[in-house]
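In what follows, a structure is listed as structure tokens, so that the remarks can point back to it.
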Amino acid sequence: MNKFFSIVRGIGLRRGPQRLVGGVCGGIAAKLNVDVAYVRIGYLLFCLLPGPALLIYVVAWLLLPDQTGTIALESYLARRPQGRK
């Protein structure tokens, strides 16, 4: 799993400091160098279309590192007790 999270970090997309919910739109706006309001409006329009917009947002929140490089899913998996072998 460490290689997977290294690849995710290598993409260069981070959850942004301009957080309304999880910072995903802020991170995308920072990467694209556009105002976060445009990304949020685009996401809201995307939500009006039939499709898994909320699921995509949650997956992005779990996989994109925050400003310190911490990935939420990786932290959760590291804290989870290991099963017996």
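Readers should treat all values here as calculations from the given coordinates under stated rules, not as data from a laboratory. None of these values were measured; they are calculated from a predicted model. Glycine also receives a Cβ, built like all others from the backbone with ideal geometry; neighbour counts cover every protein chain displayed.
Using packing as a proxy for protection, rank 59-68, 33-42, 2-11 so that the peptide with the highest average count of other Cβ atoms within 10 Å comes first. Before the final figure, lay out each step's value.
Working: 59-68: 16.0, 33-42: 13.8, 2-11: 11.2.
Ranking, from highest mean packing down: 59-68, 33-42, 2-11.
Would you calculate a helix-derived [θ] at 222 nm for the chain, using -39,500 (n - 2.57) for each DSSP H run of n ≥ 4 and dividing by the full residue count, to the nearest 500? Write out the running numbers ahead of the final one.
On the way: 5 runs with 50 residues, N = 85.
Computed mean residue ellipticity for the chain: -17500 deg cm²/dmol.
What's the percent breakdown of Cα-Cα distances in the range 2-76 across 10 Å bins, shortest bin first?
Spelled out per bin, shortest first, that is 20, 51, 26, 3.
Given charges of +1 on the Cβ of Lys and Arg and -1 on the Cβ of Asp and Glu, with all other atoms neutral, how large is the dipole of the chain about its Cα centre, in debye to the nearest 20? Show your work: numbers first, answer last.
Numbers: 11 positive and 3 negative charges, 95 e Å.
In total the dipole reaches around 460 debye.
Can you compute the label reach from Q67? Point 7 Å from Cα along the Cβ direction, backbone N cut-off under 20 Å, restricted to the range 20-41.
Flagged as within label range: 20-40.
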